[in-house]
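Worksheet: one structure, shown below.
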Amino acid sequence: MDKFVVRGGNPLLGTIKVSGAKNSALPCMAAAILTEGEVILENIPQVRDIETERKLLVSMGAEVELGYGRAQHRTSIKCAVLSDPVAKYEIVKTMRASSLVLGPLIARTGIARVAMPGGCAIGGRPIDLHIKGLEAMGATVTYDHGYLEARTPNNGSAPLKGAHIVFDKITVTGTEDLLMAATLAEGETLFENCAREPEVTDLAALLIAMGAKIEGAGTSTIRVQGVSSLHGARHKINPDRIEAGTFLVAGAITGGDLNVDCCDPSHLGALIAKLEQCGVKLTVGSDNVRVRSGGGILKASDISTEEYPGFPTDMQAQYMALATQTEGTTLVTENIFENRFMHVNELNRMGANITVNGRTATVRGKSDLQSAAVMCSDLRASASLVLAALVADGETILDRVYHLDRGYEHFEDKLRGVGAQIRRMGDVFGKNRRATDIAS
Ligand code: UD1
């Protein structure tokens with residue numbers, strides 16, 4: 001199993017480039033199911049979840065090419081024939097976002113069989129809202145031996161019907177899944193209380209390029225006029241706002257001077273505002289943010305995770321690492337997921353002073369962090385531990401970094417390029433991952 005060895009103490013200096021957003025790329029790849037035409041996606045990150053989705057699509061009969069060399073961030077997907085429209089457990093169990101194929105599969109073929117996703121490291125993550133939405137569109141959903149089977153009306157022979165769907169709770173992949181289903185439904189679908197995340201907008205841009213009729217993506221109300229078929233398209237994936245945010249915290253925590261390049265600062269509003277409240281110096285450009293240590297003491301500032309445009313839950317763990325280095329007490333409230341504080345014990349093992357009471361963690365800073373052997377528990381928790389290790393005294397060994405490989409492209413190479421002392425030990429993209437270790 002791969003490990004990272006990180007020696008703390010170096011300020012990060014120079015320019016670091018942000019890759020394409022994994023959480024945009026995943027639904028965009030699933031959208032290719034909706035058409036027989038070729039969908040070409042650019043700025044695809046080379047991360048494990050993308051490889052998993054490729055396997056999933058291939059297992060259903062799709063032709064998927066992931067580019068190499070100069071074209072390494074491009075993928076071409078052709079679902080001319082879906083010979084086996086089933087999302088099998090062996091693949092679904094390793095990635096929760098596999099539920100994103102449910103909507104496009106039923107819309108395209110009339111019948112979708114998708115293995116129920118397993119448990120998850122960051123709390124129970126149900127897909128009841130995906131199912132409720134499909135039922136409102138006329139689908140019949142049954143469960144059989146761990147598989148969910150959804151059929152359109154007339155036993156899978158008629159299309160889904162447009163509906164008025166009000167999400168009980170804001171869900172990102174739920175909005176994406178049903179948005180894809182609605183593109184090929186008969187008539188109009190009106191969605192309310194939708195997720196407004198940039199990843200939803202990115203997916204909608206691709207769907208519109210494929211011929212879908214969608215209005216309002218990026219707001220809480222989305223209106224879709226169903227069409228009878230969609231065609232191929234070419235689309236460039238948005239920069240990854242969570243990777244960009246992680247690098248901003250890396251620059252701030254190490255007291256460096258880091259230019260986070262190829263990002264979209266307009267997607268980083270809540271984090272930028274919070275870092276400024278802490279006293280971090282930021283210069284925001286059109287596609288970059290420069291983060292500098294002001295030389296002074298960083299101040300504590302509370303966060304409370306919310307749906308976009310609020311403070312992202314996917315930045316909570318990384319921000320907590322920074323909070324250990326600010327003067328004063330920071331309250332970190334996690335409102336989106338239960339059980340998303342698994343990094344706390346590991347940070348405490350490195351010398352942090354954090355207590356958890358329900359959904360709120362209290363971080364008392366500033367702590368002198370020390371190196372330790374620590375364990376990564378999910379994707380973003382892993383990033384948080386690397387950030388802490390960058391300022392810890394001595395050499396920290398992080399175990400189970402395969403979590404990090406799910407969503408960060410060449411993380412250690414990028415950090416080393418700006419002066420971090422970080423190296424990987426063990427089998428690169430190793431073989432010993434536990435299938436149940438899944439997260440965001
Ligand atoms: C997506 C992101 C993940 C991010 C999360 C919140 C992807 C691949 N993953 O996850 O990185 O942390 O958004 O920004 O894009 N819920 C239900 N029923 C459902 C669906 C969700 O109760 O059917 C609940 C969840 O348990 C959670 C909340 O809704 O409490 C939000 O979850 P959701 O937005 O669906 O997260 P994901 O889309 O899985």
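Each pair of Cα atoms in the chain enters the Kirkwood radius, and Stokes-Einstein at 20 °C and 1.002 mPa s then converts it into a translational diffusion coefficient of 97 µm²/s. The gain in end-to-end length when the L13 to Q225 segment is fully stretched comes to 71.4 nm, 0.36 nm per residue minus the alpha carbon separation.
Our analysis of the stretch 1-138 gives Rg over Rh at 1.04, with the two radii drawn from alpha carbon positions and Rh computed by the Kirkwood formula. In this structure the chain gives 37 Å² per residue of accessible area when probed at 1.4 Å with all protein chains present.
When shorter helices are ignored and each DSSP H run of at least 4 residues is given -39500 (n - 2.57), the per-residue value for the chain at 222 nm works out to -8500 deg cm²/dmol. Evaluated at 37 °C with a viscosity of 0.692 mPa s, what Stokes-Einstein diffusion coefficient in µm²/s does the stretch 217-329 have when Rh comes from the Kirkwood expression over alpha-carbon pairs? So the translational diffusion coefficient is about 211 µm²/s.
For the stretch 22-234, what is the relative contact order in percent, using Cα pairs closer than 8 Å and at least 6 residues apart in sequence?
Computed value for the stretch 22-234: 20 percent relative contact order.
With both labels modelled 7 Å from their Cα along Cα-to-Cβ, the T140 to T362 distance reads 5.6 nm. On a 0 to 90° scale, report how tilted helix 269-278 is relative to the longest principal axis of the chain, with both axes built from alpha carbons and the result rounded to the nearest 10. Approximately 10 degrees, to the nearest 10. For the chain, the share of DSSP beta bridges that are antiparallel, to the nearest 5, is 70%.
Sorting K213, K22 by accessible area (1.4 Å probe), largest first, what list results? Could the numbers behind the result be given before it?
Working: K213 120, K22 5 Å².
From most accessible down to least: K213, K22.
Relative to the dominant Cα principal axis of the chain, helix 198-209 is inclined by about 30°.
Geometric descriptor of the stretch 22-234, per residue, is 104 Å³ (volume of the convex hull of the Cα atoms). Against the main long axis of the alpha-carbon atoms of the chain, helix 241-253 sits at an angle near 0°.
Share of the stretch 290-330's accessible area from carbon and sulfur, percent, 1.4 Å?
46
Extent of the stretch 271-430 along its three principal axes (Cα atoms, max minus min coordinate, largest first): 40, 38, 31 Å.
For the stretch 264-379, the antiparallel share of DSSP beta bridges with both residues in that region comes to about 80%. Distance between the modelled labels on A273 and A80, one decimal in nanometres: 5.1 nm (7 Å Cα→Cβ projection). Only the Cβ atoms of Lys and Arg (+1) and of Asp and Glu (-1) were treated as charged; on that basis the dipole of the chain about its Cα centre amounts to roughly 600 debye.
Secondary structure note: in the stretch 22-234, about 75% of the DSSP beta bridges are antiparallel. With the cut-off at under 11 Å, measuring from each backbone N in the stretch 214-231 to a point 7 Å along the Cα-to-Cβ line of E188 picks out 223-226. Note on the chain: with a GNM built from Cα contacts shorter than 10 Å, the maximum mean-square fluctuation among V386, V356, V374 falls on V356. Could you tell me which residue out of T329, A361, V344 lies farthest along the dipole of the stretch 296-440 toward its positive end? Charges go on the beta carbon: Lys and Arg +1, Asp and Glu -1, centred on the Cα centre. Value computed over the given set: V344.
The values are calculated or read from the model by the stated rules, or taken from the named source; none is laboratory data. Here the structure is a predicted model, which is why all the values come from computation and not from measurement. Cβ: placed from backbone, ideal geometry, glycine included. Neighbour counts: every protein chain shown. The protein model used for the area step is the full one, side chains on, heavy atoms only, and it has no ligands, DNA or RNA in it. Shrake-Rupley method; radii C 1.70, N 1.55, O 1.52, S 1.80 Å.
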